[in-house]
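Notes follow once the structure below has been shown.
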Amino acid sequence: MENVTPTIFTETKVRGCNPSFVVTSDGVVIIDTPQLPTKAVEMRKLAESHGPLRYLINTEHHVDHIFGNYYFKGGPTVVHHQGVYDNFMVVGPELDPFAYAKEALPTDDPEGEAIFPDREVYYADPNKAQIVFNGDLTLRVGDHTFELIHTPGHTPGQIAVYVPEERAVFTGDTIFSECQTWLMTSNVDQWLDALDRIGELDVDFIIPGHGPVTTTAYLATQRAVLMEWKTAVAVAVAKGWTREETVERVEFKDRYPVDIGQEYMMDYINSYNAGSLYDKLTA
C-alpha cells in the first residue's frame, strides 16, 4: 500500500476498488475493503499493526468495495449509508455480484480460493453495517475527524469521506481517475451535483474509487466524461436511433483503459453505459 500522507494508506494497483485506511491517535479507520480475499486478509493485518480497528466505512454497495468486509468480522464497527445497506451486493440484472467476485480468483488471487466462502455462507453474514445513517454523518476518532458526506449519483447510497486534518477526501466511485467510468444504473445529474459538493472541500488529495490518487483539478475531467456520455446518448435518441443502434455506435473506449484486472470488460462497460443511459432518457 502507498502512503498518501504519513497516516493515510491506500492500494491503487490491485483489481477492485482502492481500499484504504487512516491511522489516528485512537486506532485505525478502514475505508472500503479489497475484493480479493488474500488482499483483504493482508490489509487487515497491516492495519492492525498500526492500532485497534475502530470503524470500517463503505463508500458504496458495489461488490468491489464491500466484499472484503467478510474478512474483517469481529473487528471494526461497520458503517454505511442506508442506500448501501439496502442495496448491499446488488449490481444489476446482468451481473451476479458473488460470481463476479469469484471469477477474479484464478487470474488475480489463486491463493484466495482456499479462503473464499461458499455462496450460502457468505450471504448468511457478509458483515453489513452495525451503524446505518441517512444524510451526512460525522465520526471523531482520536485526533481525526471523518465527515461522511452523502454524494449520490454513481449509486444512491454513495458517500465521500472527508478527513480535514489530512486535507484529503475518499470519493469512492464518484471519481474514476484515468480509467473507464462505470455508469451502471447511475443518476448522472446527481453525480454532477456530487462533484460540485466535493469541489467545495479544502483538500490537497483525492483518493478515488479507482485509479491513481489525484487532486481537485480532476473533478473537471470527471465532469466532462459524464457530460460526454449523456450528450452522446441524447443525440442518439434525438436522431431516432434504437437502443441497439445506440449501444453499437456510442462508445468512448479510446478515452481511458479499464482499471487493473478488468481489461476484458471494456465492451461490457461501454455497452452497459450506453444502454442504461438510453433507458433513462427514453423512459
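Every read-out reported here was derived from the displayed coordinates using simple, explicitly stated rules and does not represent laboratory data. These numbers come from a predicted model, not from an experiment. Virtual Cβ from ideal backbone geometry, glycine too; neighbours counted across all protein chains shown.
Relative to the longest principal axis of the Cα atoms of the chain, the long axis of helix 266-282 lies at roughly 70 degrees. Across every direction, the projection of the convex hull enclosing the Cα atoms of segment 119-171 has a mean area of 5.1 nm².
Computed over the chain with a Gaussian network model linking Cα atoms closer than 10 Å, the most mobile of VAL213, VAL121, VAL22 is VAL121. Compared with the dominant principal axis of the Cα atoms in the chain, helix 37-48 is inclined by about 40°. Greater than 29 Å separation of Cα atoms is the criterion. Which listed pairs, LYS128/LYS253; LYS13/LYS73; LYS102/LYS253; LYS13/LYS253; LYS39/LYS128; LYS73/LYS102, meet it? Long pairs (Cα-Cα over 29 Å): LYS128/LYS253.
The residue among THR242, LEU192, SER177 whose Cα reaches farthest toward the positive pole of the charge dipole of segment 145-283, with charges on the beta-carbon of Lys, Arg, Asp and Glu, is THR242. In segment 142-214, the inverse of the mean reciprocal separation of distinct Cα atoms equals 12.3 Å; this is its Kirkwood hydrodynamic radius.
Among the trypsin sites (Lys or Arg not before Pro) within segment 128-217, those in coil by DSSP and having at most 16 neighbouring Cβ atoms inside 10 Å are LYS128, ARG167.
Expressed in nm², what is the orientationally averaged projection area of the convex hull enclosing the Cα positions of segment 1-102?
On the way: hull surface 25.8 nm².
Computed as one quarter of the Cα hull surface, the answer is 6.4 nm².
Peptide packing for 228-241, 168-181 was compared via the average number of neighbouring C-beta atoms within 10 Å per residue; ordered from the highest value, the list is 168-181, 228-241. With Cα atoms as the point set, segment 225-282 shows a radius of gyration and Dmax of 11.4, 36 Å. Once the Kirkwood radius over Cα pairs is known for the chain, the Stokes-Einstein relation at 37 °C and 0.692 mPa s delivers a diffusion coefficient of 172 µm²/s.
For helix 188-199, what angle does its Cα long axis make with the longest principal axis of the chain, in degrees from 0 to 90 and rounded to 10? Helix 188-199 and the main axis of the chain meet at about 40 degrees.
Percent of Cα pairs in segment 43-173 per distance bin of 10 Å, from zero to the largest separation: 11, 40, 36, 13, 0.
Annotation: the antiparallel percentage among DSSP beta bridges lying fully within the chain is about 60.
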